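To start, the structure itself, in structure tokens.
The values are calculated or read from the model by the stated rules, or taken from the named source; none is laboratory data. Nothing here was measured: the structure is a model prediction, and the numbers come from that model. Cβ sites come from the backbone with ideal geometry, for glycine too, and all protein chains shown count toward neighbours. Remember, those area values only see protein heavy atoms, side chains included, never the ligands or the DNA or RNA. Shrake-Rupley method; radii C 1.70, N 1.55, O 1.52, S 1.80 Å.
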Amino acid sequence: MLNLDPGFTPLGEKNSITHKSFLFAGGEPHIKITDGFNSAEPVTITQRINSFNDLGLICITVDALKRMGVKEINLFIPYFPAARQDRVMVPGEPLSVKVYADIINAMALASVTVFDPHSEVTPALLNNCVTVSNHQFIKEVISKIGTEVKLISPDGGALKKIYKVSEFLGGAEVVECSKSRDVKTGKLSGFKVYSDDLAGADCLIVDDICDGGGTFIGLAEALKAKNAGKLYLAISHGIFSKGFDELGKYFEQIFTTDSIKEVDHVGVTQIKLADII
Ligand SMILES: O=P(O)(O)OC[C@H]1O[C@H](OP(=O)(O)OP(=O)(O)O)[C@H](O)[C@@H]1O
């Protein structure tokens, strides 16, 4: 095991390979593997990706391991970078998810494990991809809420996954919703809840990523307009780029994992991937 982020050990620390990593003054990541480990054994690298340099560190680590004679290298990156940029919406944009997938595929890894990928595009592009669903995460969230909730699917992307979550949970009720996004400006509008009256039912919105949170604030207003009870939010990958001031006004509690970073906020419960995979 080679955990590149010292604060993130999702698969444990058994047989951890010691190393030192740092940035050169020019901004390039560097690593020195300081262990005399058995290079005939497979190695699994784990990493949280918050920047292109975090991917760069993976690339140079794979190179260092191969030069030490390691033949089988596995990678665990729960949050796949640019997974949302999985289609070219207006001319002039990149297909970023393919750029990242091509870089990773070039390393010829034995497996690449991702957690709750945004769409089917990531596993389709990534060689030897293993996906971990959000099922256990949502089960854990519901046990922490402690009461019956309706599962809310915010948009078309989430809809493809929510019924599998419901099935895993033994048939929890699903409420479908939709939103519109202007592909030129990224602006959100037109939140719809496909239920006439939620009759005070507590609701858990389930989605893969929270970035600025606009999706969930817009949806929370639409749910309240349909008489929703308490609102909860479960997000596999918490970016939370606009903080929690606005989100906190709508949600009793927000649940996320540590797939991207640590979150320290009274309104957020963070469930460690180490505890659910
Ligand atoms: O916190 P926010 O800034 O609102 O972003 C979060 C939303 O963005 C992503 O979906 P996206 O809008 O890209 O939709 P898609 O399912 O059409 O890809 C993600 O699945 C969330 O639903």
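Within the set of other residues whose C-beta is less than 14 Å from the C-beta of GLY212, count the net charge using Lys and Arg as +1 and Asp and Glu as -1.
Working: positive: ARG84, LYS179, ARG181, LYS187, LYS242; negative: ASP207, ASP211, ASP245, GLU246.
Combined, the nearby Lys, Arg, Asp and Glu give +1.
Modelling each spin label as a point 7 Å along the Cα-to-Cβ direction, I'd like the ASP182/ALA225 distance in nm, to one decimal.
Distance between label points: 1.8 nm.
List the aspartates and glutamates whose Cα sits under 19 Å from the Cα of LYS226, skipping any in the same chain fewer than 8 residues away.
Output for LYS226: GLU148, ASP155, GLU173, GLU176, ASP196, ASP197, ASP202, GLU252.
Report the full-extension gain for the segment GLU252 to GLU72: residue separation times 0.36 nm, less the Cα-Cα distance, to one decimal in nm.
On the way: separation 180, 0.36 × 180 = 64.80 nm, distance 4.50 nm.
Extending this stretch completely gives an extra 60.3 nm.
I'd like the Kirkwood hydrodynamic radius of the chain, using the inverse of the mean 1/r over distinct C-alpha pairs, in Å. Mind showing how you got there, number by number?
Numbers: mean 1/r = 0.0499 Å⁻¹.
After inverting the pairwise mean of 1/r, the radius is 20.0 Å.
Using amide H atoms built 1.01 Å from N in the peptide plane, name the residues 5+ places from HIS19, or on other chains, whose amide H lies under 5 Å from its own.
So HIS19 has HN proximity to THR34.
Between the DSSP loop rule and a limit of at most 11 other Cβ atoms within 10 Å, which chymotrypsin sites (Phe, Trp or Tyr not before Pro) in region 127-209 are left? The partial results should precede the final answer.
On the way: sites: PHE137, TYR163, PHE168, PHE191, TYR194; in loops: TYR194.
Those satisfying the criteria are TYR194.
What is the Cα radius of gyration of region 1-153 over 2.2 N^0.38 Å, N being its residue count? Intermediate results must be reported in sequence, preceding the final value.
Numbers: Rg = 17.4 Å, N = 153, 2.2 N^0.38 = 14.9 Å.
Relative to the 2.2 N^0.38 Å estimate, region 1-153 comes out at 1.17.
Assuming R0 = 22 Å, can you tell me the calculated FRET efficiency for the pair GLU173 and GLU140, based on Cβ-Cβ distance, to the nearest 0.05? Before the final figure, lay out each step's value.
Values: r = 19 Å, r/R0 = 0.87.
The formula returns an efficiency of 0.70 here.
Putting +1 on Lys and Arg Cβ atoms and -1 on Asp and Glu Cβ atoms, find which of VAL263, SER51, SER189 reaches farthest to the positive end of the dipole of the chain.
SER51
So the label point goes 7 Å from the Cα of LYS160 along Cα→C-beta, right? Which residues of region 187-218 then have their backbone N under 16 Å from it?
Counting only backbone N, you get 207-209.
Loop only per DSSP, at most 15 neighbouring Cβ atoms within 10 Å: give me the trypsin sites (Lys or Arg not before Pro) in region 158-241, ordered by residue number. Intermediate values should be presented prior to the final figure.
On the way: sites: LYS160, LYS161, LYS164, LYS179, ARG181, LYS184, LYS187, LYS192, LYS224, LYS226, LYS230; in loops: LYS184, LYS187, LYS226, LYS230.
For trypsin sites (Lys or Arg not before Pro) across region 158-241 that sit outside H, G, I, E and B with at most 15 neighbouring Cβ atoms in 10 Å, the list reads LYS184, LYS187, LYS230.
Whole Å is fine, so just give me how far the alpha carbon centre of region 111-159 lies from that of region 8-70.
27
Eigenvalues of the Cα gyration tensor times 5, then square-rooted: what semi-axes does that give for region 133-277, in whole angstrom, largest first? Spell out each step's value before the answer.
Working: eigenvalues 85, 71, 44 Å².
Working from the Cα gyration tensor, I get semi-axes of 21, 19, 15 Å.
With a 1.4 Å probe and every protein chain kept in, tell me what percent of the accessible surface of region 42-130 is carbon plus sulfur.
Working: 2140 of 3830 Å².
Summing carbon and sulfur atoms, their accessible area is 56 percent of the total for region 42-130.
Before I look further, what does the chain give for accessible area per residue, probe 1.4 Å, in whole square angstrom?
Numbers: 13390 Å² over 277 residues.
Per-residue value: 48 Å².
Short version: what are the Cα gyration tensor semi-axes of region 191-247, square root of 5 times each eigenvalue, largest first, in whole Å?
On the way: eigenvalues 91, 23, 19 Å².
That gives 21, 11, 10 Å for the three semi-axes.
Between LYS272 and LEU11, with labels modelled 7 Å along Cα→Cβ, what's the label distance in nm to one decimal, could you check?
That separation, rounded to one decimal, is 1.7 nm.
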